[in-house]
Each structure stands twice: as C-alpha cells, then as structure tokens.
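Some notes on the structure that comes next.
Please treat every number below as a calculation from the coordinates, not as lab data. A quick note: this is a predicted structure, and the numbers were derived from the prediction, not measured. All Cβ positions, even for glycine, are placed from backbone atoms using ideal geometry, and neighbour counts span all protein chains on display.
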Ligand SMILES: Nc1ncnc2c1ncn2[C@@H]1O[C@H](COP(=O)(O)OP(=O)(O)OP(=O)(O)O)[C@@H](O)[C@H]1O
Ligand SMILES: [Mg+2]
C-alpha cells in the first residue's frame, strides 16, 4: 500500500482561499521534509503563477493528463520551494471541461495513481465549480479540504458540496473522506466573522480544523510575487497559520513516518517551560499561534542531532529564513521588556550541530 495521501482543496464558491491554501500548505509540507506534488486543476492556473511558474512558458500541464498524450511523470515540473513539484494548470483546461466527448471520472485518478509512490502528499487545487474536472479530483483524492471564508453566506453551497462528495464516495471512491473545513480570512475585529466561526463550529463540530487562517496581507502579496508566504515573509501571521495547519494535517496522517528523535522535544519543553505570558507586542501582532518557549542552558545539548522537521514541528515557527542553516528562535522572557533572548540553532546537513543563547537589546 502506498504511503501517500491525496488531498483535493475544493469549494465551488469562488475566492474563498483554495489556491492560497494549496500553495502554502504544499510549501509547508515540503519545508517539513515531505515530498509534495501540487496539481493545479483550475483553468485560471492561479496556483501555477502563485508558485512563480509561468504557464505559457511550460510545455506540459494537467491538460496532457486528460488528453492522455503524455504520462503523468512527464507533466511534472520543478518549483523553487523545497521538496515541492507541480503539474501546472492551463487555460486550455476549460475546453476540456466544455467538450467532454467521453466523460471518464477516473481519468485523473489513473494518472495520479501512476506517480503517487513518488510523493508523501499530492495536493489538488480545484476550480470554483463542481464540474467534470473537480469531480475527477474527488475520484482521485483520499480526502477533501473545504476552505470557507468567515463571511456571511459562508454556508451557502456547503450543503451541495457535501452531498456531491457523498455521492462520489458512494459510487466512485469509497475511500474519500473530508479532511476538514478550514476557516479562512478571519478577522477577529469583525463581529460577523466571530459569529460565522461560532455557527460553523456548532454545525460541523469535529469537521472544523483547529487552525483558523487569519486575514493577512502577506498571503496575497506572496502570491503576487510568485512565492509561498514562507519565502516572502516567514514571520507573518499567514506563515504561522499555514504551518500550524500543516502540522495538524500531519498529525492526522497516521501514515506519516514518525521519526524517533521527535519524541524528545516535547519532553524537554515540559521540563523547562516556565509560565510565561505573551508580551504586548506579540499580542498586537496577532501571532497567537507562535509559541515562545524557555530553556534552561543545560537542556540545549539535548537538541543536538534533531532535524529541521523535528525542530519546527515541536517548537513552532522560526523568525528567519527557513532554508538557511542558522535559525533564530525567540525565547520568552518575562524578566525584561527591553531585552530578548534568542536561541540560535546552527544546522549542518540538516541536523542541529551547535546551539547558542544570545541576548539582544531592542532599541
Ligand atoms: N488569509 C488571507 N488573507 C488575506 N488575503 C487572502 C487570504 N486568503 C486568500 N486571500 C486573497 O483572497 C483572494 C482569493 O483567494 P484565493 O485565490 O486563494 O481563493 P480561491 O478560492 O482559490 O479563488 P478561486 O475560486 O477564484 O479559485 C486572493 O487575492 C488571495 O490573495
Ligand atoms: Mg483558486
């Protein structure tokens, strides 16, 4: 049995954050050392351009999978994001949607099955429709993530979407599950946003992801620069939110190989954590998911040998370039308002080699 998991990101409602989720979830999984393929199943090809790939400059796309003129393997292109590959979208996909002569809901599945052993996760970014291509995506997938915008009418169409998923499950793909409903573009200052969150939680309970994606301008800016939020601004709320979503999904994914060293870190944290309050600055920036932590000097040594994946999964987000080999973690420090402690982690060949505690003065 393959270890890979195929997740379609779908909602026939437009502009709810499907593509933003597809790009940043895929990138986050890649950063956490999972091998990832993103399939852009939308004629708008936003996920393709959002990853800096210009569709008219690439010769292959998802269209070839539907025309069956190339193997799926031949349609994969590289991206700048680590461990992330792409099957680009194309405007020509809309012609296929319109002129289906021999409708075959298994077409995408057949293509995806031929390459899935190469990946830990395959993410499919769907178009805002419940047409032929999206139904193909549901047949190919193991799970669906449904992004909903925290606005009035969020529930609009959700019933239809859920019943479509149910019929696909019944007739074509008994293994299809709902991975979760993801609330997006949340703004806590807006009372109707809070109201929608409450309603969704009441109706859908466990189906709702614990992680909520906040409205954050870095997310839209990143896409317009053709990069994930992690390459654009790793210290942003959007980056924290999507990394947390990624961790939530990896936790749900029992098939993901657990690396033995990972167990050590929560234990260390328990032993060393002090009761700390977020400082007002952090709160103001809404970095609510960012976990400050405290270490006793002697515990640093225990982090030696851990991988980048284990560090992020267990300690939360770093404040600098995830691809670099020197990471900086802020350590909570209730004693001083003007000085901050940072733990510098130096990697060599992706493993912690050296650790240093530094105190920086804030001007
Ligand atoms: N959390 C967020 N904060 C701020 N802007 C966001 C957020 N999520 C998405 N956006 C912006 O909202 C717009 C719609 O998002 P996105 O393209 O991800 O939605 P979509 O569901 O894929 O749309 P479509 O249905 O057209 O494919 C984009 O301009 C995107 O940059
Ligand atoms: Mg989209």
Applying a 10 Å radius around every beta-carbon, put 212-218, 161-167, 81-87, 302-308 in order of their mean neighbour count, most first. 81-87, 212-218, 302-308, 161-167
The range 160-224-the range 25-65 distance, computed between alpha-carbon centres (Å): 22
Could you order the peptides 116-122, 69-75, 236-242 from most to least packed, using the average number of other C-beta atoms within 10 Å per residue? 236-242, 116-122, 69-75
DSSP-defined beta bridges in the range 5-252 - what % are antiparallel, rounded to 5: 5
Normalized C-alpha radius of gyration of the range 77-156, against 2.2 N^0.38 Å? 1.26
Can you order the peptides 227-233, 9-15, 134-140 by their average number of other Cβ atoms within 10 Å per residue, highest first? 134-140, 227-233, 9-15
One can check that the equivalent ellipsoid of the range 5-252, built from the alpha-carbon gyration tensor with semi-axes equal to the square roots of five times its eigenvalues, has lengths in Å, largest first, of 27, 22, 16
